[in-house]
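The values are calculated or read from the model by the stated rules, or taken from the named source; none is laboratory data. It should be emphasised that the depicted structure is a prediction, and the values quoted were computed from it without experimental measurement. Positions of Cβ are backbone-derived with ideal geometry, glycine not excepted, and every protein chain shown enters the neighbour counts. Side chains included, ligands, DNA and RNA excluded: accessible areas come from the protein's heavy atoms. Shrake-Rupley method; radii C 1.70, N 1.55, O 1.52, S 1.80 Å.
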Amino acid sequence: YLVLLFPLVSNVVYSCSCITADAKAHFDDANLVFSGKVSSIRRPYFSIDSLDPIKVTFEVNKVYKGLNGKDIKMDKIIVETAKDGASCGYNFEEDNEYLVYANDYGGIWQTGLCSGTKRLDDAQEDILELENTIGEKVFETPNKTKEQPSSNIDLSELTVLAILLLVVALLIII
C-alpha cells in the first residue's frame, strides 16, 4: 500500500542554478544597482511556497545605476527576494551591508542569488570594476527622498485573514 501512496505524497524538488557572470554583466542586466545596509526584513506570516517573497528594506549608501534616470531619489529601498535559496532567494541578514543588483518587475524591485548581489565585504572588486566602468555616475545617498510605494499586506497574509474571517462567520452561523 505504501507504494501506491508514494505518488500522492511526493513533491517535485527544484534547486537554484546560476550562470557565472562578472560585475559588468550583472550591472548591464540590472535596472537598479546600489549599496546599502539592511534595516529590516519582513517575512510572510504564512508561507506555502519557497517562492513566497521576503521584503528587505535597505538604507541606501550609493546608487550605481537606476533611480536617477527616473528622477526618483530615495534613501530607503524595498527589495523582494524569494524566501528560499532553492528558489534563488538571497539570504539577507539585518544590519549587514550589501551590493544589490535588482530588477523592476511590475513596480517591485526584485533580486536573488543569480543577480550578482553580495555582501559588501565580498564586493570590493565588483565595486572597483563598476566605478571604472561607469566613471562619475556614482551617486551618494540623496537628502530629499520620496517614499517607495509598498503594499502593507501580502497575499499570504490576506489568505490567512480570509480563512480567519470564514471561521468566525461559520462560528456565528452555528
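Just one of (1) under 19 Å from Ala82 (Cα atoms); (2) aromatic (Phe, Trp, Tyr); (3) at pLDDT below 85 trips up Phe139, so point out which.
For Phe139, the failing item is (1).
Where residues in region 100-136 are touching a helix residue (DSSP H, G or I) at 6+ places or on another chain (Cβ under 6 Å) and either at pLDDT 85 or above or of a type in the set (Phe, Trp, Tyr) (or both), which of them is nearest to Ser17 (Cα to Cα)?
My answer is Gly116.
On the given criteria, is Asn96 surrounded by fewer than 19 Cβ atoms within 10 Å (Cβ to Cβ), of a type in the set (S, T, N, Q) and modelled with pLDDT of 90 or more?
yes
Looking only at residues in region 119-132 that are in contact with a strand residue (DSSP E or B) (Cβ under 7 Å, 6 or more places away or on another chain) and either without any contact (Cβ under 8 Å) to a residue 60 or more places away in the chain or part of a helix (DSSP H, G or I) (or both), which one is least open to solvent (accessible area, probe 1.4 Å)?
The qualifying residue least open to solvent (accessible area, probe 1.4 Å) is Leu130.
Between a residue in region 105-118 that is touching a residue at least 24 places away in the same chain (Cβ under 8 Å) and any residue that is of a type in the set (D, E, K, R), which pairs come within a Cβ distance under 7 Å, given they are 6 or more apart or on different chains?
That search, which allows pairs on different chains as well, returns Ile108/Glu80; Trp109/Glu80; Gln110/Glu80.
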